[in-house]
Each structure stands twice: as C-alpha cells, then as structure tokens.
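J.: First, the structure itself, so that you have it in front of you.
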Amino acid sequence: MTNRQLAALETKKRLLEAGKCLICEKGLANTAIEEITAAAGVSKGTFYTYFNRKEDILFELSRSMFGEILEAAKEVEGDFIAKMQDYMVNFSGYIEQGGVKMAQEWVKNVVNPDLVENEFDRGKLKYDLKSVRDLIQFSVSQGMLRDSVPAQQLSEILVDLLYGQMLCWSMSGGVYSLRARTEDFCDFYLRELFQVYMNEEDM
C-alpha cells in the first residue's frame, strides 16, 4: 500500500471516529458535516471524497458497532437474561442515538432492500437474526440455556420485537425513548419468555 493510500485510510478513519463521537453525543439530526470535519481536522470538501452524506458515516460505523454490541453482550457478567438484555438495550440505544431519520432509513432499507447500495445494509435483517441466534447459541455452549432451546424461532421473535419497536418509535417521531422502551420489555417479559429453556441454577 502506498503512502497516499495509507494517508487516505487515516483520513477516513478520523472522519469516522469524529462522526461516531459527535453522533453518539448529539444524535444524527443535530450533528452537522462541518462539525465532523472540524473534529477530524479536515476540510468540508474532504468529507465528500469519502462520503456522500452524513448518514453514510452511520451506515459504515454500523458494520463494526453492531458486532461490538454482540461481543460486549457475551462478556456481560450474569446469566443469559443479563446478556440478552444488554444486547437488546444497546441495540435500541444505538438506533436512538442515530435519530429518527436514520431509523426511518433503516426501516425503508428492510422493506426495499433492492434500493440499498451497500451490501451490509441490504442484509441487515439477516445479520441481526444471526447475531441474536449467535448469542442464544453461545449461552447454550456456556450451560446457561438448555440444548432444546429453539434458537432460530426465538431469535426471530426478538428481532421482530426490536424492529417493531424501531418502526413504532420512528412513526412517533421519537417522542419517547426507544432504549427505555426496550428496557421495559426486557424487565417484564424476557425472563418469562426464556424461563422454560434456562438451566435451573440460572433461573
């Protein structure tokens, strides 16, 4: 790789890191491209060398962020319920940080995947189903859930719930906290949903 290519990768990395910090702090709607470029120490024109719009930063960050959310959930102390709650709440929290407009974009991409330019976002629903199933199967391997747990069906139920909550939150215009709504579901229903599949010492 040439010095020029290395410099380009470093510039893009700085833009992504600056965008991530600002979007997490202020939300997508309240973050301006000028703020991102200023934080990254580059000109506004440089931004358009790598991205067409600020939403593209969030899409690219998602490729690693949702993977990080899954891996962090596996490391959470406690039983399966604690791990799944951590995953679901942080999933919704990340969506909320991106803002209503971004959530609406994701909903549109799921409904019309052929209109999505990049492969990751076109397959986002499949990716999320695999992630939840992976966390369930990981918990089986750790002895927290019984081998008989229907991982595929339960992952579909939970992803349906996450996407349904995201859709309703988008339709409301973000008048309530998506993260808090997901916490409420986990507090009231998650253990009951999985109780029959949990090993006795983890119930």
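J.: Identify all lysines with a Cα-Cα distance to LYS83 below 25 Å; exclude those on the same chain that are fewer than 8 residues away in sequence.
T.: Filter leaves LYS20, LYS74, LYS124, LYS126, LYS130.
J.: Follow-up question, since we're still on this one. Using a 1.4 Å probe and ignoring any ligands, DNA or RNA, find the accessible area of ILE33 and quote it in Å² to the nearest 10.
T.: Counting only protein heavy atoms, the figure is 30 Å².
J.: Kindly state, to the nearest 0.05, the FRET efficiency for ALA8 paired with ARG63, given R0 = 25 Å and r defined as their beta-carbon distance.
T.: The pair ALA8/ARG63 has a calculated efficiency of 0.85.
J.: Right, next: Assuming R0 = 30 Å, can you tell me the calculated FRET efficiency for the pair LEU161 and TYR48, based on Cβ-Cβ distance, to the nearest 0.05?
T.: About 0.20, to the nearest 0.05.
J.: Something else: Pull out the extension gain between GLU25 and GLU71, defined as 0.36 nm times the separation in residues minus the alpha carbon to alpha carbon distance; nm, one decimal.
T.: Length gained, GLU25 through GLU71: 14.3 nm.
J.: Here's another thing I want to ask about it. Run the dipole for the chain about the Cα centre, Lys and Arg Cβ at +1, Asp and Glu Cβ at -1, nothing else charged, and hand back the magnitude in debye, nearest 20.
T.: Taking the Cα centre of the chain as origin, the dipole is about 920 debye.
J.: Hey, if we sort GLU71, GLU105, GLU55 by accessible area with the 1.4 Å probe, largest down, what's the order?
T.: GLU71, GLU105, GLU55
J.: Moving on to the next point. How far is helix 100-111 tilted, in degrees, relative to the longest principal axis of the Cα atoms in the chain, given as a value from 0 to 90 rounded to the nearest 10?
T.: The two axes meet at around 70 degrees.
J.: In nm, to one decimal, how far is the GLU17 label point from the SER172 one, both placed 7 Å along Cα→Cβ?
T.: 3.6
J.: Using every pair of alpha-carbon atoms in region 1-144, split the distances into 10 Å bins beginning at 0 and state the percent of pairs per bin, rounded to integers.
T.: Pair shares across the bins are 11, 35, 32, 18, 4, 0.
The values are calculated or read from the model by the stated rules, or taken from the named source; none is laboratory data. This structure is a prediction, so every number in the text was calculated from the model and none was measured. Glycine gets a Cβ as well: all are built from the backbone with ideal geometry, and neighbour counts include every protein chain shown. Each accessible area value is taken on the protein alone, full model and side chains, heavy atoms only, with ligands, DNA and RNA left out. Shrake-Rupley method; radii C 1.70, N 1.55, O 1.52, S 1.80 Å.
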